[in-house]
Structure formats: C-alpha cells, structure tokens
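Data first, discussion second: the structure below is written as structure tokens.
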Amino acid sequence: MTSFADLHARLSTTPDHALFIGPPIDIGDLTSAELGTLWPLLQAAQQGAGVAAPLRAQSAVVLRQAAQRGLPPRLDGTLLLATLQAVPPVGAGTRWLLEQAGYMVAPPAPALLPALETALAPLLPPDEAWPRERLALLAVMRAFGTAGLQARLNASVVRHLRDALPAREFAALQGARGAALLALGANPYYDSRSAQAQSLPDPAAMLADDPVYVAFAQAELEAAARRLDRIHAGELPYEADSAFGPDEASVLGLAARVAAHRDAPWYPALMERLLSAACVAPTAARTAPSQALTIALGHAVEGAPTPESVMALRHALGVVRHAGLQKKLARHLKPAERGLAQRPETALRVLDAGLPPKQLRALLAQFFDAGFARPFALPYGQWRSLLLGDESAASFARTLIWQAGMAFMLDSDDRPVDAVGHPLAFAEDAVVSLWHPVEAREAERVAWRARIGQERIKQPLRQAFRELYQPADAEIFAGYALATLRLVGVARSEGWALEFEGLVRAFGELRACFGLSAQVYPGLDGVVHSGALAFFRGAEPLPMQEVPPRVLSEACRAVDLLVSAAAVALETEKGGETRARGQRLQLLANQQGIDAMRRHAVAQVLQAQIAAGTVMLDGFHVCAGGARVSMRTGRVVRDGTPVELALPDGAGRASALRAVPWLPYDEALLERVVHSVGMLLS
C-alpha cells in the first residue's frame with residue numbers, strides 16, 4: 001500500500017530512469033482530502049506538455065484506481081486555483097471544468113476570486129462557442145465565483161440568442177442552486193435511461209423546488225400549447241416540423257419534467273394538450289407540427305411519469321399518423337409505466353382516471369410488476385382505501401400476495417388471511433408492500449403456490465410462480481453466444497441501456513451491468529458472447545452478497561430473459577463447442593429460472609393427471625398419450641416424429657388467453673403446452 005507521502009514525492013519529481021520508479025502503486029486507504037491535495041500534481045502530469053512518460057504513467061495509475069474505488073477529490077479554493085494553473089489551455093475543456101466544479105466542497109474565499117478569474121479565462125472555449133455551451137459555463141462560473149466572466153457570458157447569450165426560448169430559460173436559471181446547474185451542465189440533453197444507467201442526477205428533480213424556474217416552465221409550456229392551438233385552428237400557417245426547433249424542444253422537455261417532478265396541478269391537462277397537438281398535423285397529412293417537441297415530451301414522460309402523462313402518451317400513440325414518430329414514441333410507454341412504481345401515491349391516481357377496466361388492469365400490472373424490483377410501501381389503511389375502493393383495482397388486489405410483517409391475501413370478504421386461510425389483523429399504519437418469493441422460505445413459497453392452485457386464482461402477473469435467483473446464479477449467464485438483433489430488441493424494450501461493451505439497467509439505487517464481448521447497437525446483425533453480471537452503487541462495485549435479495553433476483557430474471565431470447569440455437573450447431581454450450585444452458589435451466597418455474601406451474605396445473613399416472617414430467621418435457629411436449633418450445637413429438645395438433649383458436653398466441661384449463665398466470669407458451677397435453681389425453 002503506497003502512503004500519501006510516498007505518492008506526493010513520486011508525483012513531484014521526475015524519475016532518473018523509466019525502470020526505477022519504485023514499487024507498484026496501490027492507493028489503498030487514500031482519502032478524498034488527500035487525493036484533493038495530490039490533484040494539481042495529477043492533472044499537471046496528465047495534461048502538461050513535456051511530462052516524462054514514467055510520471056504520466058504513475059499519475060494514470062492513481063487516477064484509474066481512484067475511479068475504480070469511486071473516490072472523488074475534495075477541492076477547496078486554493079487547490080482549485082492550483083489545479084487550474086497546472087494545466088495548459090489546450091488540455092482543458094468545458095467537460096473537464098465541470099468535473100472540477102463538482103469536486104468543490106466549499107465556495108472559494110473572496111480573496112482568491114481575482115486569481116481564479118485570471119486562471120479560468122484562458123481555459124474557456126472561444127467566445128463564439130459560449131452561447132452553445134451556456135449551461136455548462138454558467139455552472140462552472142457560478143461554482144468558481146467568477147462574477148466578471150459570468151457577466152460576459154450573460155451578455156454573450158443576450159447578444160446571440162436575443163429573446164429566444166433558450167435565452168429566456170438561461171435568464172430563469174440565474175438564481176438556481178449550484179447542484180442543479182452542475183447536473184444540467186453535465187447532461188443538457190437528458191435521457192432517463194442513459195442517465196439511470198450512469199447514475200446521473202436528473203436536474204429536473206432539483207429544479208422542481210425552484211419557484212422561479214417552475215413559474216418559467218408553466219409560462220413557456222402554456223405559450224407552446226397556445227402556439228399549437230393556433231396552428232390547428234388555422235390562425236398560423238402549417239409547415240411540417242416547423243413549430244419548434246430542437247433547441248426549443250429541449251427546453252420545453254426539461255420544463256415538462258420539472259412540472260412532473262413537482263406534480264404541479266396544471267401539468268396533467270397541459271401535457272395532454274401539448275402531446276396530442278404536437279404529434280399530428282392539422283391536415284390529413286402524415287406529418288407533425290414538431291417531431292422534436294413530440295420526442296422531447298416522450299422523453300419527459302419516461303423520465304418523470306405521472307398517471308396523467310402516461311395516459312396522454314397512450315392517447316398520442318393512438319392519433320399520431322407519422323410512422324417513424326409513432327415508433328419513437330412507443331419506446332417510452334413501457335419504461336414510463338414501469339417508472340410509476342417509484343411514486344405509488346402519485347401513480348395510484350390512475351384509479352380515478354376513468355380508464356376502461358382492461359386498460360386499468362394493464363397499467364396496474366406494469367406498476368406492480370415494477371414494484372418487485374423497486375419496492376413501494378403504503379400504510380395498510382391507505383392501501384385498503386386506494387385498492388379496494390375501485391372494483392377493477394380490488395379484483396386485481398385480491399389475486400396478489402401482500403406482506404405487512406406477514407404475508408397475506410384477501411379472502412372473499414376482503415379480510416387478510418395467511419397461506420392456509422387463517423385470519424390475520426393489521427394496524428392501520430402497518431406498512432404494506434408486494435410479497436416477493438425470494439424473501440420467503442421454501443415452505444412458505446410452496447404453501448402459497450398450493451393456495452393459488454387450490455383456489456384456482458389466476459394472477460395478473462407472475463408472483464407465486466415468479467422465477468427467483470440467489471447470488472451464485474449471477475455467474476451462470478456468462479459464456480453464451482447471443483444473436484445481437486434479438487438481444488438489442490429485447491434489451492431496449494425491457495429498459496436496458498446500451499453502454500460501451502455491455503447492457504446497463506437501474507434497479508432502484510443500484511445499477512446492473514451485463515457484460516458483452518463487444519459493443520452492440522440497434523441494427524447490428526451478428527453474435528456476441530455474454531460476460532458476467534455485476535452491480536454498482538454509483539461508481540462503486542457492489543459484492544453480490546451485499547445486493548438486496550429481491551434486486552438481485554429481479555436483475556438475474558431480466559438477464560435470464562435476454563439470454564433465453566437471444567441465445568444462439570443449439571440444435572443448429574455442431575462440435576464440442578455446442579456440447580459445452582448445451583451443458584451451460586442446462587445449468588441455467590436447472591436454476592430457479594424461466595424454464596424451471598414453468599415446470600413448477602405445469603406440475604401444479606396437471607397435478608391430478610400426474611397423480612393418476614396419465615401424465616409424467618420428464619426433465620422439461622410433459623409425457624402424455626404416448627407423446628412428449630416440450631415446455632420450452634411447445635413442440636409435440638411421438639417416437640421422434642413431430643405431431644401437429646389442432647389447438648383451440650388463440651391457444652399459444654399472444655391474444656387474450658383462456659382460463660380453461662386453469663393457468664396461474666398468462667403466458668402463451670404455458671397455455672400451448674397445457675392445451676396440447678389436454679388434446680393428447682383426449
């Protein structure tokens with residue numbers, strides 16, 4: 001372990017020879033304050049001209065180890081000034097300046113401000129770039145306290161942008177908190193999926209408490225709605241994609257997210273009005289007044305969903321005529337519905353929205369399914385009043401297993417009972433959340449599955465029969481050949497972000513990273529190999545044993561879906577590599593994964609026939625009537641020959657599934673298997 005004094009000495013002097021640089025560096029227990037003291041030396045070694053290669057290499061090792069530990073430097077005004085003076089203007093950039101501003105732990109002392117202004121000025125981009133980089137520069141100048149440079153920036157924005165919407169936004173941000181400006185400067189074109197994957201803060205959440213910006217957001221969103229109304233009324237000439245440009249759309253998208261985070265009372269009606277008017281032409285043309293604004297509002301709905309904005313997005317998808325725009329908007333719907341689980345008190349307003357029962361149940365299913373990974377909690381009294389006060393929601397709630405210290409379901413009289421039907425009682429303030437099988441003992445899981453089977457309860461989402469995973473299961477997903485077209489398609493629809501050589505998805509405050517052998521992107525047609533599944537809190541890796549059980553299980557379940565959907569078909573390959581992959585696929589299937597849980601469900605549905613000896617389970621096949629039905633594909637084979645069965649209409653398809661025979665949850669393949677067995681027996 002390298003001491004602070006040794007590090008300081010090694011970074012302060014140039015070695016006599018490249019081979020005589022001392023033992024390998026291990027920053028060990030280096031603190032953020034000590035790293036801040038070394039920071040000017042490290043930046044000079046990395047960015048300075050004529051730096052000896054050994055010194056540059058040693059500084060790179062320190063920076064890399066600090067990044068791996070998630071260790072930021074702590075800078076005061078003196079250290080910041082030394083850092084700015086240590087780097088040449090060519091090596092700096094606005095992004096680098098933002099990072100230094102984020103490392104500051106206190107405002108610089110007034111006596112340092114003139115020197116800071118002098119040191120900062122040559123590191124700034126050319127004056128003509130200031131209006132374009134205005135948000136990042138404002139954050140930097142506010143953090144550094146360089147009032148003179150900030151006055152020049154304000155004048156430059158007014159001179160170049162005049163009274164345009166971006167200039168009005170810039171004026172509204174003058175009094176915003178420094179943390180919000182730093183977040184906005186680092187991520188001006190906010191994308192919720194990418195931001196969550198990188199643990200970036202949403203500046204809209206910080207600006208929601210700023211009354212000046214909230215007033216600006218309301219005024220500008222209302223003005224935008226009036227402009228669209230005039231276009232649709234024929235008072236303004238219509239020209240496709242001319243109502244709002246990309247810069248205006250970006251500002252309005254941020255304003256919409258701020259209103260959503262604040263849950264402003266004027267936001268729901270305004271979002272419905274804006275989305276429906278921005279996405280469809282006032283004529284019969286398959287164009288839109290502003291694709292840029294439509295897409296920005298779609299990002300806003302996904303980034304900060306409310307029940308009303310999600311329904312506005314659904315309505316927009318029903319009226320938009322531009323095929324490409326419809327496809328882009330549709331990408332936001334499912335992540336937005338999942339995101340509602342983060343704010344249950346707000347999300348459950350959907351019960352009062354007057355939705356048709358089928359649509360309400362679909363939205364509730366998305367909401368509660370997301371609640372498995374991001375647990376929500378409501379007091380028992382509020383839970384009853386919200387969910388049992390609406391008949392559609394009540395019928396939904398009666399099919400699920402809940403927990404409030406003990407797991408329970410509701411009986412026919414809406415009284416809480418345990419798995420064997422014994423009545424339970426809870427205080428009004430007892431905290432209720434969704435039960436997850438991974439947090440229960442095996443005997444409890446078996447008891448609840450038995451109750452589901454005996455009562456023939458059809459759950460609207462997988463719960464009692466939900467796949468569950470343990471820490472050791474995170475290792476079983478590495479080493480598969482995955483078809484990239486299928487992989488990317490499923491990953492994007494399930495909320496994964498494509499980041500470098502891997503897929504990243506947020507599960508609450510943690511990030512799950514599924515490694516790949518190469519970078520993938522939409523449209524890539526090829527094969528990549530899967531790596532390990534890892535978890536991070538911020539930039540800090542998290543050991544598997546420290547990941548909350550339900551988060552780990554849900555992340556593994558999500559990766560299981562990717563592997564199951566994209567793994568290269570084994571039966572078309574030959575050789576020892578195929579056998580090795582087959583062994584790994586069998587290992588995966590033998591876990592409490594998708595295949596194994598489907599086997600449990602089939603055993604529950606056909607328990608009477610299995611007890612009578614007319615049906616037998618053999619691995620992942622169901623044997624009946626002299627034939628074998630695959631639980632993985634639904635394929636029926638008798639003596640090696642495929643058998644074609646005339647299944648009932650809709651069986652095995654993604655249409656509304658029939659409940660005869662009884663199924664514990666909706667799945668087209670499960671229904672096909674059970675129907676096939678029924679026909680073979682008859």
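Tabulated results
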{"item": "Segment 226-316 - percent of accessible surface contributed by carbon and sulfur, probe 1.4 Å", "result": "51 percent"}
{"item": "In Å², nearest 10: area of ARG56 left accessible to a 1.4 Å probe", "result": "80 Å²"}
{"item": "Accessible area of segment 439-576 belonging to carbon and sulfur atoms, whole % at 1.4 Å probe", "result": "54 percent"}
{"item": "Descending principal axes extents, segment 339-464, alpha-carbon based, whole Å", "result": "39, 30, 29"}
{"item": "Listed residue (LEU84, PRO375, ALA278) projecting farthest to the positive dipole end of the chain, Cβ model", "result": "ALA278"}
{"item": "Exposure ranking of LEU340, LEU498 by accessible area [1.4 Å probe, largest first]", "result": "LEU498, LEU340"}
{"item": "Dipole of segment 322-435, positive direction: furthest Cα of GLN359, GLY405, ALA430, with charges on the beta-carbon", "result": "GLN359"}
{"item": "Rg [Å, one decimal], Dmax [Å, integer] - segment 59-169, C-alpha atoms", "result": "15.1, 48"}
{"item": "Charge sum, other residues only, whose C-beta stays under 13 Å from PRO73's C-beta, Lys/Arg counted +1 and Asp/Glu -1", "result": "-1"}
{"item": "Ranked by how many other beta carbons lie within 10 Å on average, peptides 160-172, 283-295 from highest", "result": "283-295, 160-172"}
{"item": "Charge tally in the Cβ shell below 9 Å around ALA186, where Lys, Arg are +1 and Asp, Glu are -1, ALA186 excluded", "result": "0"}
{"item": "Area of LYS458 that stays accessible when all protein chains are in place (1.4 Å probe, Å², to 10)", "result": "50 Å²"}
{"item": "Contour minus Cα-Cα distance for ALA425 and ALA109 (0.36 nm per residue)", "result": "107.7 nm"}
{"item": "12 Å beta-carbon shell around MET544, net charge (K/R +1, D/E -1)", "result": "-3"}
{"item": "Translational diffusion coefficient (Stokes-Einstein; Kirkwood radius from C-alpha pairs) of the chain at 10 °C, 1.306 mPa s, in µm²/s", "result": "55 µm²/s"}
{"item": "Alpha carbon centroid spacing (whole Å) that separates segment 599-634 from segment 245-281", "result": "53 Å"}
{"item": "Loop-located GluC sites (Glu not before Pro) in segment 217-262, at most 14 other Cβ atoms within 10 Å (DSSP)", "result": "GLU235, GLU239"}
{"item": "Inter-centroid distance (Cα atoms) of segment 482-509 relative to segment 422-459, Å", "result": "32 Å"}
{"item": "Solvent-accessible heavy-atom area per residue, rounded to whole Å², over the chain at 1.4 Å", "result": "44 Å²"}
{"item": "Net charge dipole size for the chain [Lys, Arg +1 and Asp, Glu -1 on Cβ; Debye, nearest 20]", "result": "1240 debye"}
{"item": "Of all accessible heavy-atom area on segment 335-413, the percent that carbon and sulfur account for (1.4 Å)", "result": "51 percent"}
{"item": "Nearest-20 debye value, segment 479-557 charge dipole, Cβ charges on Lys, Arg, Asp, Glu", "result": "180 debye"}
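The values are calculated or read from the model by the stated rules, or taken from the named source; none is laboratory data. All of these numbers come straight from a predicted model, not from anything done at the bench. Every residue, glycine among them, receives a Cβ derived from its backbone with ideal geometry; neighbour counts consider all protein chains shown. Remember, those area values only see protein heavy atoms, side chains included, never the ligands or the DNA or RNA. Shrake-Rupley method; radii C 1.70, N 1.55, O 1.52, S 1.80 Å.
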